[in-house]
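K.L.:
One structure, pasted below without further comment.
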Amino acid sequence: MTKSYDAQPVLKGIDLQVGEHEAIALIGASGSGKSTLLRCIDLLEEIDDGDIYLDGECITVPGLNPVPIRRRLGLVFQSFNLFPHMSVIENVVLGAVKAQRMPRSDAQERGISLLERFGLADRRADYPDKLSGGQQQRVAIARALVTNPRALLLDEVTSALDPELVGEVLAVIRGLKQEGMTMIIATHEMTFASEVADLVCFLESGRIVESGPPQQLFSAPARAETQRFLARVLTARG
Amino acid sequence: MSQPIPLSPPAQPTTRAQRAAARSRRRRRSLVVSGISTVVVIGGLATFILTSPGWPAVKQTFFSVSAFTSSFSSVLSGFWLDVKLFLIVEVVVLIVGLLIALVRTVRVPALFPVRMLAIVYVDVMRGVPTILVVYLIGFGVPALQLKGVPTGAAVLGGAALALCYSAYVSEVFRAGIESVHPSQAAAGLALGLTRWQALRFVIVPQAVRRVAPPLLNDFISLQKDVALVSILGPEEAFRAAQVFAASTFNYTPLIAAALLYLCVTIPLTRIVDHMQARAMRERGGALALGIR
């Protein structure tokens with residue numbers, strides 16, 4: 001599949017398959033197309049050539065209403081994008097109540113149990129600006145999960161966090177992996193990617209240059225581009 | 001590289017008491033200066049007016065206590081019409097203004113003609129003086145002799161004001177809607193909300209909060225412009241004052257009307273200031289000005 005903004009190609013032929021319960025990590029420099037790929041999968045962007053399938057069903061048929069498809073996927077943003085005028089619990093239940101038409105009491109119950117799991121039940125009445133970045137991102141993950149999505153798309157969910165807050169968010173994702181949640185994770189956290197992902201894809205200028213199981217890709221990258229990128233990232237870490 | 005400026009440290013470290021003393025010296029000095037300056041400016045202005053050659057005559061025609069007391073009740077009952085008109089028009093303006101803003105924001109093909117009309121309407125109403133619209137509606141609509149269309153001057157005047165102010169207010173709402181970052185809409189859509197739901201539950205509530213201060217500003221100005229309805233004849237405060245002045249050649253009732261307007265507009269202004277200051281604090285912007 002390909003995608004351009006105006007004449008600027010961003011994704012130049014992505015071919016990717018994600019199995020049920022799999023976690024795929026997308027790595028690559030900023031601007032390599034990771035975020036765009038996730039936005040395309042959630043149908044927030046229209047792709048140019050190719051197709052995307054969800055549970056064997058083509059979701060990129062021209063003219064198809066994207067709204068019911070988006071309800072089957074969860075997307076978490078780099079900058080959280082919580083709704084600042086709603087309390088934590090209102091943020092979490094909005095999708096369930098308005099998009100899925102779940103009865104409010106059921107949604108509330110489900111929202112609270114998710115917040116409890118993420119250690120945020122006591123913050124449910126607070127507004128997002130009272131929360132730390134790590135807490136906000138955990139709320140955002142709860143918000144994406146409340147509608148029971150088939151797959152979760154995570155767009156650099158720790159990139160906007162202070163280093164000491166990264167761990168709490170990664171712990172949440174680790175837990176989801178153990179439960180068998182299907183995930184596509186765009187990330188800069190190489191250690192985390194190698195720990196959680198079943199498959200790591202390295203993107204450079206809109207292409208998947210190399211993909212493979214984490215041990216193989218991180219310890220013995222086959223392509224020169226991948227070697228260069230990993231060398232750069234790992235030396236930057238010191 | 002320039003040489004570092006040699007610092008000569010005080011023999012003893014400066015104490016908290018010394019800093020507090022310096023602060024209170026500074027505070028006392030600024031109090032004294034502002035006191036003197038106020039007396040000079042206000043006193044000067046008062047002397048200038050009170051010693052002017054026409055002052056005794058002006059005092060008699062504009063500040064007559066007897067004219068004030070005898071006209072006050074009719075001006076006040078006129079002002080009650082102003083307040084009623086203001087309250088009704090304000091509610092209409094809020095609803096119509098938001099609707100127009102929504103029509104201009106939503107890209108639905110079926111609404112295309114409505115959107116075109118909305119653009120023309122806003123352009124025209126913002127470009128024509130309010131007093132002209134009041135005239136045209138107030139005298140034009142009854143001339144059409146339509147059945148079922150009200151011809152009361154107060155109703156038509158109110159309608160004319162609503163037409164003008166809805167145009168202004170729709171632009172305020174639209175600015176608010178467009179100021180909400182697109183990532184908020186994306187977050188709403190990603191949850192599976194429809195475009196309309198994202199607008200209704202995510203964008204508009206944030207937009208309305210943001211534009212509350214400028215909206216109130218428009219309402220202060222609406223509260224004053226209600227006086228324009230007087231040209232159609234209904235006896236609101238300004239009209240009542242004019243009638244009184246015309247029969248007695250004393251303009252004190254106009255001052256009474258002005259005071260009544262101020263009784264409403266000044267508190268409204270203070271509320272706006274307060275809201276703006278709070279909005280500023282929330283964005284952390286006031287800090288820069290809070291430094292002495």
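The values are calculated or read from the model by the stated rules, or taken from the named source; none is laboratory data. Since we're looking at a predicted model, the values are computed, not measured. A quick note on method: Cβ atoms are made from the backbone with ideal geometry, for glycine too, and the neighbour counts reach across all protein chains shown.
K.L.:
Hey, does region A:180-196 have a residue that's among the acidic types (D, E), surrounded by fewer than 19 Cβ atoms within 10 Å (Cβ to Cβ) and in the same structural domain as A:I41 (by TED's automatic domain parsing)?
P.N.:
Yes, the conditions are met somewhere in region A:180-196.
K.L.:
Kindly check whether there is at least one residue in region B:207-230 that is surrounded by 19 or more Cβ atoms within 10 Å (Cβ to Cβ), within 14 Å of chain A (Cβ to nearest Cβ) and either aliphatic (A, V, I, L, M) or within 30 Å of B:Y135 (Cβ to Cβ) (or both).
P.N.:
The answer is yes, given that some residue of region B:207-230 is surrounded by 19 or more Cβ atoms within 10 Å (Cβ to Cβ), within 14 Å of chain A (Cβ to nearest Cβ) and either aliphatic (A, V, I, L, M) or within 30 Å of B:Y135 (Cβ to Cβ) (or both).
K.L.:
Counting just the residues of region A:110-129 that are farther than 21 Å from A:L152 by Cβ and of a type in the set (D, E), which one comes out nearest to the other protein chains (Cβ to nearest Cβ)?
P.N.:
A:D129
K.L.:
Here's a follow-up. Looking at (1) part of a helix (DSSP H, G or I); (2) surrounded by 17 or more Cβ atoms within 10 Å (Cβ to Cβ); (3) within 14 Å of chain A (Cβ to nearest Cβ), which one does B:R239 not meet, given that it meets all the others?
P.N.:
Answer for B:R239: the failing condition is (3).
K.L.:
Considering only residues of region A:72-87 that are free of Cβ contacts under 8 Å to residues at least 60 places away in the same chain and of a type outside the set (A, V, I, L, M), which is farthest from A:Q136 (Cα to Cα)? Spell out how you get there, then give the answer.
P.N.:
Pass one, region A:72-87, residues free of Cβ contacts under 8 Å to residues at least 60 places away in the same chain: A:81, A:83-87.
Those still in the list that are of a type outside the set (A, V, I, L, M) too: A:81, A:83-85, A:87.
Details: A:N81: 9, A:F83: 10, A:P84: 11, A:H85: 14, A:S87: 11 Å.
Selected residue: A:H85.
Residues are listed down the side, and each one gets a yes or a no for (1) outside the structural domain of A:E168 (by TED's automatic domain parsing); (2) under 19 Å from A:G74 (Cβ atoms); (3) in contact (Cβ under 8 Å) with a residue 60 or more places away in the chain; (4) not aliphatic (A, V, I, L, M):
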| residue | (1), (2), (3), (4) |
| --- | --- |
| A:A121 | yes, no, no, no |
| A:P128 | yes, yes, no, yes |
| A:R138 | yes, yes, no, yes |
| A:A144 | yes, yes, yes, no |
| A:V157 | no, yes, yes, no |
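K.L.:
Do we have any residue at all in region B:121-138 that's within 13 Å of another protein chain (Cβ to nearest Cβ) and either touching a helix residue (DSSP H, G or I) at 6+ places or on another chain (Cβ under 7 Å) or among the β-branched types (V, I, T) (or both)? Reasoning before the result, please.
P.N.:
Our first condition is that a residue be within 13 Å of another protein chain (Cβ to nearest Cβ); within region B:121-138, this holds for none.
No, there is no match, as no residue in region B:121-138 is within 13 Å of another protein chain (Cβ to nearest Cβ) and either touching a helix residue (DSSP H, G or I) at 6+ places or on another chain (Cβ under 7 Å) or among the β-branched types (V, I, T) (or both).
K.L.:
For region A:133-156, state whether one or more residues are among the β-branched types (V, I, T) and at pLDDT below 90.
P.N.:
So in region A:133-156, the residues among the β-branched types (V, I, T) come out as A:139, A:141, A:146-147.
Checking which are at pLDDT below 90 leaves us with A:147.
Yes, region A:133-156 contains a residue that is among the β-branched types (V, I, T) and at pLDDT below 90.
K.L.:
Would you mind stating whether B:A277 is over 30 Å from A:A151 (Cα atoms), modelled with pLDDT under 85 and part of a helix (DSSP H, G or I)?
P.N.:
Taking the combined requirement at face value, the residue satisfies it.
K.L.:
Something else: Confirm whether B:A175 is under 26 Å from B:L117 (Cα atoms), within 14 Å of chain A (Cβ to nearest Cβ) and free of Cβ contacts under 8 Å to residues at least 60 places away in the same chain.
P.N.:
Against the criterion (under 26 Å from B:L117 (Cα atoms), within 14 Å of chain A (Cβ to nearest Cβ) and free of Cβ contacts under 8 Å to residues at least 60 places away in the same chain), B:A175 does not qualify.
K.L.:
What residue, among those in region A:36-60 that are part of a loop (DSSP other than H, G, I, E, B), more than 14 Å from chain B (Cβ to nearest Cβ) and surrounded by 14 or more Cβ atoms within 10 Å (Cβ to Cβ), is nearest to the chain's Cα centre (by Cα)?
P.N.:
It comes out as A:I52.
K.L.:
From the set of residues in region A:4-35 that are touching a strand residue (DSSP E or B) at 6+ places or on another chain (Cβ under 8 Å), surrounded by fewer than 23 Cβ atoms within 10 Å (Cβ to Cβ) and farther than 24 Å from A:K177 by Cβ, which is modelled with the highest pLDDT?
P.N.:
A:A29
K.L.:
Does A:D129 fit the bill of being farther than 18 Å from A:P149 by Cα, touching a strand residue (DSSP E or B) at 6+ places or on another chain (Cβ under 9 Å) and surrounded by fewer than 17 Cβ atoms within 10 Å (Cβ to Cβ)?
P.N.:
Spelling it out, it is not the case that A:D129 is farther than 18 Å from A:P149 by Cα, touching a strand residue (DSSP E or B) at 6+ places or on another chain (Cβ under 9 Å) and surrounded by fewer than 17 Cβ atoms within 10 Å (Cβ to Cβ).
K.L.:
Just give me the residues in region B:72-126 being touching a Phe, Trp or Tyr at 6+ places or on another chain (Cβ under 7 Å) and basic (K, R), in sequence order.
P.N.:
Scanning region B:72-126 gives a single hit, B:R126.
K.L.:
Next up: Test B:L199 against the stated conditions and say whether it is within 14 Å of chain A (Cβ to nearest Cβ), farther than 25 Å from B:R126 by Cα, part of a loop (DSSP other than H, G, I, E, B) and at pLDDT 90 or above.
P.N.:
Values: within 14 Å of chain A (Cβ to nearest Cβ): yes; farther than 25 Å from B:R126 by Cα: yes; part of a loop (DSSP other than H, G, I, E, B): no; at pLDDT 90 or above: yes.
It is false that B:L199 is within 14 Å of chain A (Cβ to nearest Cβ), farther than 25 Å from B:R126 by Cα, part of a loop (DSSP other than H, G, I, E, B) and at pLDDT 90 or above.
K.L.:
Is it the case that A:N65 is polar (S, T, N, Q), within 12 Å of chain B (Cβ to nearest Cβ) and surrounded by 16 or more Cβ atoms within 10 Å (Cβ to Cβ)?
P.N.:
Considered against the rule, which asks whether it is polar (S, T, N, Q), within 12 Å of chain B (Cβ to nearest Cβ) and surrounded by 16 or more Cβ atoms within 10 Å (Cβ to Cβ), A:N65 comes out as no.
Every residue, every condition in (1) part of a helix (DSSP H, G or I); (2) under 20 Å from A:D155 (Cβ atoms); (3) touching a residue at least 24 places away in the same chain (Cβ under 8 Å); (4) not assigned by TED's automatic domain parsing to the domain that holds A:D162, yes or no:
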| position | (1), (2), (3), (4) |
| --- | --- |
| A:P62 | no, no, no, no |
| A:P68 | yes, no, no, no |
| A:I89 | yes, no, yes, yes |
| A:G95 | yes, yes, yes, yes |
| A:R101 | no, no, no, yes |
| A:A107 | yes, no, yes, yes |
